[in-house]
Each structure stands twice: as structure tokens, then as C-alpha cells.
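A.B. asks: Attaching a single structure in C-alpha cells format; questions to follow.
The values are calculated or read from the model by the stated rules, or taken from the named source; none is laboratory data. Worth saying up front: this structure is predicted, and the values here are computed from it rather than measured. Neighbour counts run over all protein chains shown; Cβ positions are idealised from the backbone, glycine included.
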Amino acid sequence: MEPIIETHDLTRRFGDLIAVDHLNLAVAQGEIFGLVGPDGAGKTTTLRMLCGLMDPTEGSARVAGHDVVRESRAVKDQIGYMAQRFGLYGDLTVEENMVFYADLFGIPRAERERLTVEMLRMTRMEPFRARQGGRLSGGMKQKLALMCTLLHRPRILFLDEPTNGVDPVSRRDFWAILYQLLKDGITIFMTTAYLDEAERCNRVGLMHKGKLIRLAPPDVMKRETDTPTLEAAFIKTIREVEAA
């Protein structure tokens, strides 16, 4: 089966800085893939290129069968992207935020109402539907961001450190939601700075200074290294992530 996400020598430069350096990877449909690395490793830049929000300097990428540069509109129709700072409106309620994003996606009223009820139930946010976004806890804000991202039923969900700064209970709830989405057939591509979260993924890519230095299932990555150089880079990167 053709990968639902695939890159070939994907590269992004900012002047003399190489943020992403000839990245090659393939993600299967229905997989949860985690990209791990410290700040500055190139994780967010990679996500933005895969979402068609930033053009690569070199190389190519295909998402859901579409080229991210030539067919960026088609890519955006198939994906949901949840950035580290999602654009919620603090003076709108949970439900009003969802209505706003449903209107942006052009979702018909009847479908919007059905999806709102379904999403609120899935995330256990029903008791808070009338609460203003600015009065939500960090975990609730992330749940609301996820609901808004899912309203148009994307095939692929891109999440940029979705539980960064969220309390442990909310992180657990968030992961329960992600597992439900996997059962529904949604592919998840996420970045994270939490090693325990990386262990929940099907496969993990370890990035360091723009390069993908290891790609394997998390249990394999924990017990194996290929070379002393890779081992040293792996340990250094893990320490940087844990200290972040």
C-alpha cells in the first residue's frame, strides 16, 4: 500500500541555517508516528512543510496522494493541523468557537450540530460547552483545539507538541482521544518532547539539527543503536529533550 505521507530529500533552509536536512520517511495509513527532538531540531518546520504551509527549499513530499507544493489546496482538504498555539477565541464559548471553525470549513448546519454533539461527548467537554475559551484550563484548551481541528473529518492529523505544558491527567485524556481516532482510521503525525509519549507511537523518528538520525519502533530504538556516533547523538538528544 502506498504511504499516506512520504518525503524525498525534504529540505528547508533559512539563509545559512539548514532547518530540515534531506529528510526521507514514509508513514502508513492508520499509523501514529512521532517525531522527537529538542527545540531547533526541525520538527515544526517539517510539519509546516507537510501541511503545505511552507515550501521546501529542496526535495518533495506527498500527503494523502498529493504534492504539498503543487497541490497544497488538495492537501489542506485532507488534513487537520493543530499548531502549538492554536487560534482559539477567548471571548467565545467552547460551542461558539466550534461554530466559528465549522463555518470556516463550510460545514452545513445539520452536520455541524451533529459533529458538535459527537465531539463534545468524545472529549468529555459537554459540561463546559458554554464556558468561554479564555477561562478553560490548559488541557481543556487543547481538547477544544483538537475538536475544532477535527470538524471537517480529516484523514490525517498533524499535531505539534499537543500536550506541551498540559497536566498529567489532561495528557492521559488527550491520548485516550487519539487512540479512539486511530480506531476510526485517522493517521496521526505528531511531534513531542515527552519520551513517554513517544513510546506510545507505532514508530518514532529522532531528529537532531535538522537530520533524521534514527527511525524505528520505540522499543527497538530504546534497546538498539547502530554505531557509537549514533549512540552518542541519541543520548545527547534525549538529554536535551528531557531538560526542555
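A.B. asks: Which condition from (1) without any contact (Cβ under 8 Å) to a residue 60 or more places away in the chain; (2) closer than 16 Å to Arg62 by Cα; (3) in a strand (DSSP E or B) is the one that Leu25 breaks?
C.D. replies: Among (1) without any contact (Cβ under 8 Å) to a residue 60 or more places away in the chain; (2) closer than 16 Å to Arg62 by Cα; (3) in a strand (DSSP E or B), the lone unmet condition for Leu25 is (1).
A.B. asks: Scan the stretch 1-43 for residues that are acidic (Asp, Glu) and over 17 Å from the mean Cα position of the chain (by Cα) and jot them down.
C.D. replies: Glu2, Asp9, Asp16, Asp21
A.B. asks: Looking at (1) in contact (Cβ under 8 Å) with a residue 60 or more places away in the chain; (2) within 19 Å of Arg155 (Cα to Cα), which is the one condition that is false for Asp67?
C.D. replies: (1)
A.B. asks: Check the stretch 175-198 and report whether any residue there is free of Cβ contacts under 8 Å to residues at least 60 places away in the same chain, under 27 Å from His22 (Cα atoms) and charged (D, E, K, R).
C.D. replies: No.
Let's see how each residue does on (1) closer than 20 Å to Ile188 by Cβ; (2) surrounded by fewer than 19 Cβ atoms within 10 Å (Cβ to Cβ); (3) out of contact with any Cys (no Cβ under 9 Å at 6 or more places or on another chain); (4) acidic (Asp, Glu):
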{"position": "Leu17", "(1), (2), (3), (4)": "no, yes, yes, no"}
{"position": "His22", "(1), (2), (3), (4)": "no, yes, yes, no"}
{"position": "Gly30", "(1), (2), (3), (4)": "yes, yes, yes, no"}
{"position": "Gly37", "(1), (2), (3), (4)": "yes, no, yes, no"}
{"position": "Gly52", "(1), (2), (3), (4)": "yes, no, yes, no"}
{"position": "Asp77", "(1), (2), (3), (4)": "yes, yes, yes, yes"}
{"position": "Val94", "(1), (2), (3), (4)": "no, no, yes, no"}
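A.B. asks: Do you know which of the residues in the stretch 136-163 that are touching a residue at least 40 places away in the same chain (Cβ under 8 Å) and basic (Lys, Arg) is farthest from Phe174 (Cα to Cα)?
C.D. replies: Arg155
A.B. asks: Out of all the residues in the stretch 93-100, is one or more within 30 Å of Gly65 (Cβ to Cβ) and touching a helix residue (DSSP H, G or I) at 6+ places or on another chain (Cβ under 7 Å)?
C.D. replies: There is at least one residue in the stretch 93-100 that is within 30 Å of Gly65 (Cβ to Cβ) and touching a helix residue (DSSP H, G or I) at 6+ places or on another chain (Cβ under 7 Å).
A.B. asks: Given the structure, is Glu113 farther than 25 Å from Thr163 by Cα and modelled with pLDDT of 90 or more?
C.D. replies: So Glu113 fails the test.
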